[in-house]
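Quick notes on the structure that follows.
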Amino acid sequence: MRRAWMVPVLLMISGSGAAVGLTAQGRLGTAVALLLLFVLLAVVHSPLVFPRSIGAVEARRRSTADGRPIVYWRPGCAYCLRLRFRLGRGARRLHWVDIWRDPEGAAVVRAANDGNETVPTLMVAGRPHVNPDPDWVREQVLSRG
């Protein structure tokens with residue numbers, strides 16, 4: 001849990017420190033703009049922008065029942081973030097597993113990637129797809145209802 005929030009917390013601390021320094025110099029407008037930028041970066045790199053994660057076992061059970069793909073991801077991953085934003089509202093139709101919170105999910109990813117925790121790893125019908133093109137993922141979501 002702590003690992004997922006490390007980057008956002010560091011961004012908030014850095015942004016706050018920079019804003020305080022700029023405020024001390026009398027540059028209030030710049031301080032506010034910089035603080036807002038760091039807050040935005042912290043939110044984007046937090047787990048908050050992703051649909052609620054579930055465990056790998058539950059994701060497999062649900063995927064078997066409804067045929068929807070499983071996305072193995074981790075906070076702070078730029079490729080995961082790109083996939084999430086490119087999918088838009090369709091991201092809710094996938095089953096998301098945070099490999100930093102679920103050791104079994106991390107094991108699935110390592111098994112699919114020669115021991116590496118390369119994310120996003122998408123499981124479609126039991127087959128792994130590493131860092132897939134978001135447009136292809138969108139097609140998979142639409143074709144599986």
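The values are calculated or read from the model by the stated rules, or taken from the named source; none is laboratory data. These figures come from a predicted structure and were not determined experimentally. FYI the Cβ positions are ideal-geometry reconstructions off the backbone, even for glycines, and counts take in every protein chain you see.
Listed values, structure above:
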item	result
Filter result for the condition that a residue is closer than 19 Å to Asp135 by Cβ, touching a helix residue (DSSP H, G or I) at 6+ places or on another chain (Cβ under 9 Å) and not small (Gly, Ala, Ser), over Arg101, Arg60, Arg86	Arg86
Tally, over the range 69-115, of residues that are over 25 Å from Val44 (Cα atoms) and either touching a residue at least 24 places away in the same chain (Cβ under 8 Å) or surrounded by 13 or more Cβ atoms within 10 Å (Cβ to Cβ) (or both)	6
Residue check, Ile13 among the β-branched types (Val, Ile, Thr), modelled with pLDDT of 90 or more and either under 16 Å from Met123 (Cβ atoms) or in contact with a Phe, Trp or Tyr (Cβ under 8 Å, 6 or more places away or on another chain) (or both)	no
The one condition in (1) part of a helix (DSSP H, G or I); (2) at pLDDT 95 or above that Phe85 fails to fulfil	(2)
